[in-house]
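To start, the structure itself, in structure tokens.
The values are calculated or read from the model by the stated rules, or taken from the named source; none is laboratory data. Worth saying up front: this structure is predicted, and the values here are computed from it rather than measured. All Cβ positions, glycine included, derive from the backbone under ideal geometry; neighbour counts span all protein chains shown. The area values use the complete protein model at the heavy-atom level, side chains included, leaving out ligands, DNA and RNA. Shrake-Rupley method; radii C 1.70, N 1.55, O 1.52, S 1.80 Å.
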Amino acid sequence: GMFQGFSDEAQSTQSEATPYKFNERFIHGDFAYTFHSVEEKSEIGSYLFNEFMGERASGVFLVFDITIENTAKETKTFWENAIQIVDEQGRVFDTDNKAWIYLEEDEAFVYEQMQPNLPKKGKIVFDVPEGIDWKVRIAKDSFSSSYAYVKQ
């Protein structure tokens, strides 16, 4: 209808003003999200005979522990860059795939087809400048500018 675009707009500014909190399950698009925790790390990996195998952050790694669930009626492929970090200057950061590889094997969130109603838990990693005021931004799908936000 006539007000369709307007209500979408109002909704996106609303969610930016009052972001979801950690441990709050919310649905955005076809998926339900819960952000359990976040930790800052300077490196991800392990030492093997005093040799570091992994990635060191250019800034600082933000490691999020999340659960995502497909709430649709059919299989959906979860789009890797649906989850991003935005800072107070409007800069956008994508997942750091190199660091993500070095998470413990059973820890990493695996981007793949998601079956309906089967929640998946895991960790995702971002490399961001130290000391930024960040929030998580989640796109509804790859061509939508309707975002949900999460703040610690």
Among (1) farther than 23 Å from residue 21 by Cβ; (2) modelled with pLDDT of 90 or more, which single condition is residue 110 missing? (2)
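Rundown of residues vs (1) over 14 Å from the mean Cα position of the chain (by Cα); (2) β-branched (Val, Ile, Thr), yes/no style:
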| site | (1), (2) |
| --- | --- |
| 76 | yes, no |
| 83 | no, yes |
| 88 | yes, no |
| 92 | no, yes |
| 102 | yes, no |
| 114 | yes, no |
| 134 | no, no |
| 149 | no, no |
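Do you know which of the residues in region 43-78 that are among the small types (Gly, Ala, Ser) and open to solvent by less than 80 Å² (accessible area, probe 1.4 Å) is farthest from residue 134 (Cα to Cα)? Steps first, answer last, please.
As a first pass, look at region 43-78 and keep what is among the small types (Gly, Ala, Ser): 45-46, 54, 57-59, 72.
From what is left, the residues that are open to solvent by less than 80 Å² (accessible area, probe 1.4 Å) are 45-46, 54, 57, 59, 72.
Numbers: 45: 24, 46: 27, 54: 25, 57: 16, 59: 13, 72: 29 Å.
If we take residues in region 43-78 being among the small types (Gly, Ala, Ser) and open to solvent by less than 80 Å² (accessible area, probe 1.4 Å), then 72 is farthest from residue 134 (Cα to Cα).
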For region 109-138, which positions are surrounded by fewer than 17 Cβ atoms within 10 Å (Cβ to Cβ), not in a loop (DSSP other than H, G, I, E, B) and not charged (D, E, K, R)? 113, 116
Determine whether region 133-143 contains at least one residue that is farther than 18 Å from residue 35 by Cα and touching a residue at least 60 places away in the same chain (Cβ under 8 Å). yes
When region 56-72 is examined, which residues are found to be of a type outside the set (Ser, Thr, Tyr) and without any contact (Cβ under 8 Å) to a residue 60 or more places away in the chain? 56, 65, 66, 68, 69, 70, 72
So in region 16-35, with the set limited to residues that are within 25 Å of residue 73 (Cβ to Cβ) and in a loop (DSSP other than H, G, I, E, B), which one is most open to solvent (accessible area, probe 1.4 Å)? 25
Region 33-55, residues that are over 13 Å from the mean Cα position of the chain (by Cα) and more than 19 Å from residue 96 (Cβ to Cβ): 47, 48, 49, 50, 51
Mind listing whichever residues of region 79-95 are open to solvent by 70 Å² or more (accessible area, probe 1.4 Å) and of a type in the set (Phe, Trp, Tyr)? 79
Assess whether residue 141 counts as being closer than 22 Å to residue 60 by Cα and either open to solvent by less than 50 Å² (accessible area, probe 1.4 Å) or in a loop (DSSP other than H, G, I, E, B) (or both). no
Which of the residues belonging to region 74-107 are β-branched (Val, Ile, Thr) and at pLDDT below 90? 77, 101
